[in-house]
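Beneath this line is the structure, given in structure tokens, with notes to follow.
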Amino acid sequence: MLIECENLSFKEYSESGYKMTEEEIDKKYQDGELRIITEQGRYPLQNIIDILSKNIQFNPEYQRRRVWTNVQKSRLIESFIINVPIPPVFLYEIDYSKYEVMDGLQRLSTVYDYYTDKFKLEGLEIWKELNGMTYSQLPNKVKSGIDRRYISTIVILKETAKNSEEEQILKKFVFERLNTGGTKLTDQETRNALYNGPMNQLCMKIADECSDLHKLWNIAPFKPADLIKQANLENAEDEDNGETDDESSNKNIKTYIRMEDVELVLRFFAYRQLEENPATKVKDILDLYLKEANKQYDENTINELEKIYYKVLYLADKVFDVKAFSMYTKKKNGEYSWNKSPSKLVYDPMLNALSDYIDNVDMVRILVIYKDEVIKKIEEMFVNNTKDFNGRNNNKSDVIRRKAFYKGIFDSVIQEHANE
């Protein structure tokens, strides 16, 4: 059940195109359709604090939750000392002389942190004598040498895009092309970079603060020190490849780093309007919802949606506890039991079905009091509808059908005990 002003207006779109003639192709190129206009620049390192404060949107959460270790940061500084060529930073001009970082945020933040004495050099290979030193502790000539270095930039100018819609398309193309190497970004990491706005910030906030989400998905919000520890583990050589006591913790922190918890929050809101969304693939459904929600929702709607998520997660915890979002499946011994890990196949339909009851005190009371009956009926549902919870069946109609299963169970228990 949607609240007032939650229902989005999705623009008509079509993925189908048409075959262009050679003359039409030439005209498209001549007209400069989506042709990038750039300029190059260089920023002195010694001016980086002032530049980042005034001209460049400097928000570490703009792209990802991944962080560099102190060793990685130190080696970048060492590269400046010995004048190793550093790849340019890509900026997008959001307003005249105002920029946001599309690629190179870690490089900029490293220089900023070192010039503000946020870390000491460590793990240097050429200049081992400088290990343990902050910027202010460096010998004068070394410090002067670093001050003479530059960070090169390639700026995509504002006039490249004719309107905000074209700007979104352009940024998406450029960002994805810049990030084709190295570790492939998850859909949510890309989404967070390309479609930042009020709705995206809400999903980030809930993912970081909702204790019921942390409990039911076994995902904790991690501090920068935890992320650095994980980066050290990933960069270290694994000699025996054996399991460690921290295996579960490592899995959780990787989930956090890859922003899967943020996508879980987004999925709940997007699937509340699943039938109205013209997209068909999960990635496209979430992309389109987030773009439109960022544009169409006002502050009051955002605040109300936050309350809804907390209410429905609280109810899920009270009714199901650790069984929330888990499947009841047949094991190798032929017996059924609850899986230990949560599944999106359950999370999406169950949570959306539960959200229909959160503002009715009597219905909530019945679901909590008679939770054993609810769970028993859900166990029977899994036994009788095994194929419906197959991971291969995950298109729109499958999700809608699974939601109907849960809605039917919740309604039946509520109706059975309505007069008590």
- Query: Out of the residues in the range 307-322 that are of a type outside the set (A, V, I, L, M, F, W, C) and under 25 Å from the mean Cα position of the chain (by Cα), which is surrounded by the fewest Cβ atoms within 10 Å (Cβ to Cβ)?
  - Reply: 307
- Query: If you scan the range 259-288, which residues turn out to be among the acidic types (Asp, Glu) and in contact (Cβ under 8 Å) with a residue 24 or more places away in the chain?
  - Reply: 260, 261, 263, 275, 276, 287
- Item | Residues of the range 63-83 satisfying the condition of being modelled with pLDDT under 90 and of a type in the set (Val, Ile, Thr) | 67, 69
- Of all the residues that make up the range 358-407, how many are within 19 Å of residue 309 (Cα to Cα) and not in a helix (DSSP H, G or I)? 3
- Query: open to solvent by less than 90 Å² (accessible area, probe 1.4 Å), basic (Lys, Arg) and at pLDDT 65 or above, is that true of residue 42?
  - Reply: no
- Item | Hits in the range 279-302 - residues which are open to solvent by 70 Å² or more (accessible area, probe 1.4 Å), in a helix (DSSP H, G or I) and more than 18 Å from residue 192 (Cβ to Cβ) | 296, 299, 300
- Query: Just one of 211, 249 is modelled with pLDDT under 60 and among the hydroxyl-bearing types (Ser, Thr, Tyr); which is it?
  - Reply: 249
- Task: Being open to solvent by less than 10 Å² (accessible area, probe 1.4 Å) and of a type outside the set (S, T, N, Q) is the filter; apply it to the range 105-118 and report the residue that is farthest from residue 51 (Cα to Cα).
- Result: 114
- Return the total of residues in the range 397-420 being more than 24 Å from residue 344 (Cα to Cα) and of a type in the set (Asp, Glu). 2
- Message: Take the conditions more than 24 Å from residue 318 (Cα to Cα), touching a residue at least 24 places away in the same chain (Cβ under 8 Å), surrounded by 13 or more Cβ atoms within 10 Å (Cβ to Cβ) and within 25 Å of the chain's Cα centre (by Cα) and apply them to residue 394. Does it pass?
- Response: yes
- Message: Can you report the number of residues in the range 370-385 which are open to solvent by 40 Å² or more (accessible area, probe 1.4 Å), β-branched (Val, Ile, Thr) and within 19 Å of residue 313 (Cβ to Cβ)?
- Response: 0
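The values are calculated or read from the model by the stated rules, or taken from the named source; none is laboratory data. None of the values given here were measured: they were computed from a predicted structure. Backbone-built Cβ (ideal geometry, glycine too); neighbour counts: all protein chains shown. Heavy atoms of the whole protein, side chains included, go into the accessibility calculation; ligands, DNA and RNA do not. Shrake-Rupley method; radii C 1.70, N 1.55, O 1.52, S 1.80 Å.
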